[in-house]
1. Keeping all protein chains in position, work out how much accessible area residue 285 exposes to a 1.4 Å probe, and write it in Å² to the nearest 10.
2. Please compute the contact order of the stretch 107-264 in relative form: average sequence separation of alpha-carbon pairs under 8 Å and at least six residues apart, divided by the residue count, as a percent.
3. Sorted by accessible area with a 1.4 angstrom probe, largest first, how do 40, 391 fall?
4. Report residue 396's accessible area, 1.4 Å probe, all protein chains in place, as a number in Å² to the nearest 10.
5. Please enumerate, by chain and number, the lysines with C-alpha under 17 Å from the C-alpha of residue 168, excluding those fewer than 8 residues away in the same chain.
6. What list of ³J(HN,Hα) values in whole Hz, one per residue of the stretch 386-396 in order, does the Karplus curve 6.51 cos²θ - 1.76 cosθ + 1.60 (θ = phi - 60°) give from phi, with Gly and Pro shown as x?
7. Can you work out the Karplus-derived ³J(HN,Hα) for every residue in the stretch 80-91? Use 6.51 cos²θ - 1.76 cosθ + 1.60 with θ = phi - 60°, whole Hz, and x for glycine or proline.
8. If you stretched the chain out fully between residue 335 and residue 236, how much longer would it get, using 0.36 nm times the residue separation minus the C-alpha to C-alpha distance?
Amino acid sequence: MSPNPFLKYSAENSIVLGDLGSLSSSFVPESFPHREGQIDAIVKVLSSIMRNTRPSNIILYGKTGTGKTSAANHVTRMLKEAAGDRVETLYFNCQIYDSPYSILVALANSIQDSTSGSVPQLGWPLDRIFQETMARLNRARRFFVLVLDEIDKIVTKNGGDSLYVLLKLIDESGESKLSLIGITNDTGFLEFLDSRVRSRLNQESIFFPPYNATELIDIISFRIKGVVRPGSVEDSAINLCAAIGAQEHGDARKALDLMRIAIDIAVREGKQKVTEKEVYKARDKLEMDVIKEAIYTLPLQSKIVMLSAVVTQEQDTAMMTTGQIYENYRNICEEIGYPALTSRRVSDLISELEDFGLLSAMTKSMGRYGRTRLIRVVGDHTVIKNHLLEDENLAHFKGSKIPKQSKFENLVEENRKISSLDDLFGAEPDKN
Ligand SMILES: Nc1ncnc2c1ncn2[C@@H]1O[C@H](COP(=O)(O)OP(=O)(O)OP(=O)(O)O)[C@@H](O)[C@H]1O
Ligand SMILES: [Mg+2]
């Protein structure tokens with residue numbers, strides 16, 4: 001009998017000892033190297049609870065992967081341990097709880113006492129929810145610390161004064177012991193706030209700077225301790241993860257993800273050690289996964305626009321105008337028998353694709369052509385096209401209506417002043 005193929009994937013390997021899942025973002029470690037200052041600062045503000053005083057509101061800000069969410073969770077967990085029933089800590093991700101209304105409902109429902117039933121998710125007017133939450137807060141004899149992660153999402157969705165209702169709750173409930181920790185990686189967001197909201201929300205602000213490569217080496221080494229056998233991950237592999245993470249705006253999530261995937265690859269391939277080679281493979285995989293995910297979740301119309309961009313780019317142009325993409329978009333719609341949107345709508349969809357990082361655009365002065373937006377596809381065309389064609393609506397796409405040569409002038413060749421793509425893209429990035 002041939003050996004069971006599953007056996008080679010069993011826990012027996014020369015690298016992993018513990019749970020690789022503990023390197024993922026949802027796991028909150030016991031300590032945070034290089035974040036002692038920030039953690040101390042949050043603890044100091046919240047420590048007023050130990051003296052029976054309401055803490056100031058806090059904003060934690062800094063780029064993605066700099067430890068804001070995990071530091072906040074770590075501190076609130078310690079606070080809960082120390083203060084017990086005197087405090088309730090509640091965490092809301094504002095991607096999900098994206099309005100003050102939904103937060104009030106969840107807050108009210110977390111304070112169910114003998115006199116109150118549950119508040120419905122929908123149906124009550126805002127002022128009724130507000131009064132009910134306030135009444136419950138006043139009856140509850142404890143502090144509430146609300147962590148509002150990605151708080152900028154509430155503001156972009158509901159406007160600059162939308163947080164006012166939460167701050168009003170703090171002001172108006174006489175005995176309220178409610179305070180907020182807002183977290184954001186959009187540092188410009190405070191500017192968007194109504195000034196009344198800004199000053200109250202931002203009573204204390206704590207900055208999380210990007211990690212440098214040396215700090216990331218410490219963080220990775222700390223996080224893999226106990227997870228892998230000592231010596232089974234080469235230093236050069238750790239250094240490479242750290243270097244890539246540092247390049248990506250000092251992102252610990254990226255560095256740790258790379259390490260986790262590199263370890264996984266080494267185990268699957270039956271390697272004795274994790275080396276730089278596995279880290280490079282991990283990086284490719286991570287980048288592919290991001291693109292794949294982004295494409296899979298696009299609505300069909302955006303997929304067609306994206307397909308048009310890829311096809312147009314493959315034709316002859318190093319970069320394209322919106323007009324060229326629109327032309328081929330219509331050709332594709334005609335081929336697959338799908339109604340075409342107006343060019344204005346397609347322009348909007350192109351901007352959305354830029355936001356997703358699938359397209360990139362630059363505005364360039366083109367001499368006698370005036371100023372033109374030039375667009376290019378980011379990443380490997382073939383890979384992107386294959387992902388797009390996995391949509392059943394596009395699976396039969398042949399390109400039968402796409403002209404062989406773009407009938408538009410090739411703007412790059414036209415303008416002899418632009419000698420290389422790098423000149424162009426080294427130029428002036430779009431503001432949007
Ligand atoms: N100093 C540190 N020590 C150990 N692990 C860390 C440290 N800083 C960050 N991490 C880990 O890096 C990952 C990303 O951190 P976190 O989710 O807190 O970032 P964030 O600042 O909230 O990012 P985003 O703005 O994208 O939400 C998590 O797995 C976290 O545990
Ligand atoms: Mg976060």
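The values are calculated or read from the model by the stated rules, or taken from the named source; none is laboratory data. These figures come from a predicted structure and were not determined experimentally. Cβ atoms come from the backbone with ideal geometry, glycine included; neighbour counts cover every protein chain shown. The protein model used for the area step is the full one, side chains on, heavy atoms only, and it has no ligands, DNA or RNA in it. Shrake-Rupley method; radii C 1.70, N 1.55, O 1.52, S 1.80 Å.
1. Approximately 90 Å² of residue 285 is accessible to the 1.4 Å probe.
2. Values: 145 pairs, mean separation 27.5, N = 158.
With pairs under 8 Å counted, the relative contact order is 17 percent.
3. Details: 40 85, 391 25 Å².
Ranking 40, 391 by accessible area, largest first, yields 40, 391.
4. Per-residue accessible area (residue 396): approximately 140 Å².
5. 177
6. 4, 4, 5, 6, 6, 5, 4, 5, 10, 4, 9
7. 4, 4, 7, 9, x, 5, 6, 9, 10, 10, 10, 10
8. Numbers: separation 99, 0.36 × 99 = 35.64 nm, distance 5.13 nm.
Once the chain is fully extended between residue 335 and residue 236, it gains 30.5 nm.
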